[in-house]
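Enquirer: Below is a structure I'd like to ask you about.
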Amino acid sequence: MAHRWKNDLTRDDVTPYDAFLNRRQLMGGFAGLGLAAMAGTKAQAADLEPNTWEEITTYNNFYEFGTGKDDPAKNAHRLTTSPWSVTIDGMVDRPGDYKFEEIMAAMTIEERIYRFRCVEAWSMVVPWNGFELKDLLDLAGVQDGAKYVSFETLYRPDEMVGQKYGSLDWPYVEGLRLDEALHPLTMMATGIYGKTLPNQNGAPMRLVVPWKYGFKSIKSIVKISVTDKEPPTSWNKANGREYGFYSNVNPEVDHPRWSQATERQIGGGLFAKRIPTLMFNGYEEEVAGLYEGMDLQRFF
Ligand SMILES: Nc1nc2c(c(=O)[nH]1)N[C@H]1C(S)=C(S)[C@@H](COP(=O)(O)O)O[C@H]1N2
Ligand SMILES: [Mo]
């Protein structure tokens, strides 16, 4: 395994998938103890018990398939994910259309269990499979002077029924500063629980930036551009007062319409207590350096 993060663990550290599920069922009443503690692994990971496959694949935000949490699971089967290619262009040495299979053949797939925090103040823990975005950018060769990376989702209203409505300006677009994009925590996910990424979670390839609000983690990517200008982003375009370019998880910067100090854990049950939201979603040690000297109230 190439990287081990204090705040995550790979499932190889814990137990294989079937044993994992059995253990999870066995655990029942010991939920507070945490899966990692049961398996005798690192204590820091004890609070990172992954959500179930069911929870991760039926409670989604993917407005291309509708705005309800269960719409993506109902409608995303219409999406054709093969053939698939990703255009990489802009300030790169090797621009072009990269076939999904070519990308997969060139990348090392690993597993990472990350916290996932939506700006709507709910959260999950997801065991992703995928590769570091940096490895894909290295494949294309980022040129000197580049400062940002932009991403674009597929536009195909025949298959993405939500694109027939103006809930957002299509296609969905996102962006990162280059140093954020190259950070070793930033990944492209191609699977969950060792299985192919379900369409509703952004097949065949979606971004995962665990210290930012979920909407930065753009799904079903068809285009990546390396640029020297801050790119437009969908939610910022929709409401710039509520959604900034950075959108780092920050319990001290409230959304204009709700507090970001706490979060509701999906799967926690009806009477579960909200838990405190952590600075940078718990990845402060790894990423705070990216924002040294920046006013995070202003650059929210
Ligand atoms: N293309 C696209 N990407 C998207 C979205 C979307 O509507 N369209 N929703 C975002 C939001 S708000 C969240 S919280 C996450 C949800 O990811 P999940 O459904 O895998 O949990 O996807 C993000 N990526
Ligand atoms: Mo979200």
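The values are calculated or read from the model by the stated rules, or taken from the named source; none is laboratory data. Computed from a predicted structure; not experimentally measured. Quick reminder, even Gly has a Cβ in these numbers, built from the backbone with ideal geometry, and neighbours come from all protein chains shown.
Enquirer: Against the condition on the phi > 0 side of the Ramachandran plot and at pLDDT 95 or above, how does S234 come out, does it pass?
Expert: In short, no.
Enquirer: Moving on to the next point. Quick one: is M91 more than 17 Å from the chain's Cα centre (by Cα), surrounded by 20 or more Cβ atoms within 10 Å (Cβ to Cβ) and either modelled with pLDDT of 95 or more or within 12 Å of ligand 1 (Cβ to nearest atom) (or both)? Reasoning before the result, please.
Expert: On the way: more than 17 Å from the chain's Cα centre (by Cα): yes; surrounded by 20 or more Cβ atoms within 10 Å (Cβ to Cβ): yes; either modelled with pLDDT of 95 or more or within 12 Å of ligand 1 (Cβ to nearest atom) (or both): yes.
Taking the combined requirement at face value, the residue satisfies it.
Enquirer: With respect to T277, determine if the residue is surrounded by 13 or more Cβ atoms within 10 Å (Cβ to Cβ), over 30 Å from T87 (Cα atoms) and among the hydroxyl-bearing types (S, T, Y).
Expert: Values: surrounded by 13 or more Cβ atoms within 10 Å (Cβ to Cβ): yes; over 30 Å from T87 (Cα atoms): yes; among the hydroxyl-bearing types (S, T, Y): yes.
Yes, satisfied.
Enquirer: Would you be able to tell me the number of residues in the stretch 210-236 that are basic (K, R) and more than 13 Å from ligand 1 (Cβ to nearest atom)?
Expert: Of the residues in that region, 1 qualify.
Enquirer: Would you pick out the residues in the stretch 107-127 that are in a strand (DSSP E or B), farther than 15 Å from G282 by Cβ and more than 16 Å from ligand 2 (Cβ to nearest atom)?
Expert: Residues satisfying the conditions are E110, E111, P127.
Enquirer: Looking only at residues that are more than 20 Å from the chain's Cα centre (by Cα) and among the small types (G, A, S) in the stretch 165-194, which one is nearest to ligand 2 (Cβ to nearest atom)? Please lay out each step first, then the result.
Expert: Our first condition is that a residue be more than 20 Å from the chain's Cα centre (by Cα); within the stretch 165-194, this holds for 165-167, 169.
Those left that are additionally among the small types (G, A, S): 166-167.
On the way: G166: 19, S167: 13 Å.
Among them, the one singled out is S167.
Enquirer: Could you look through the stretch 94-120, keep only residues that are crowded, with 18+ Cβ neighbours inside 10 Å and either out of contact with any strand residue (DSSP E or B) (no Cβ under 9 Å at 6 or more places or on another chain) or of a type in the set (S, T, Y) (or both), and pick out the one that is nearest to T186 (Cα to Cα)?
Expert: Top of the filtered list is Y114.
Enquirer: Would you confirm whether or not the stretch 252-261 contains a residue that is part of a strand (DSSP E or B) and surrounded by fewer than 18 Cβ atoms within 10 Å (Cβ to Cβ)?
Expert: yes
To keep it simple, each residue is scored yes or no on (1) under 21 Å from L290 (Cβ atoms); (2) in contact (Cβ under 8 Å) with a residue 24 or more places away in the chain; (3) within 16 Å of ligand 2 (Cβ to nearest atom).
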{"residue": "E132", "(1), (2), (3)": "yes, yes, no"}
{"residue": "V149", "(1), (2), (3)": "yes, yes, no"}
{"residue": "Q163", "(1), (2), (3)": "no, yes, no"}
{"residue": "R206", "(1), (2), (3)": "no, no, yes"}
{"residue": "K219", "(1), (2), (3)": "no, yes, yes"}
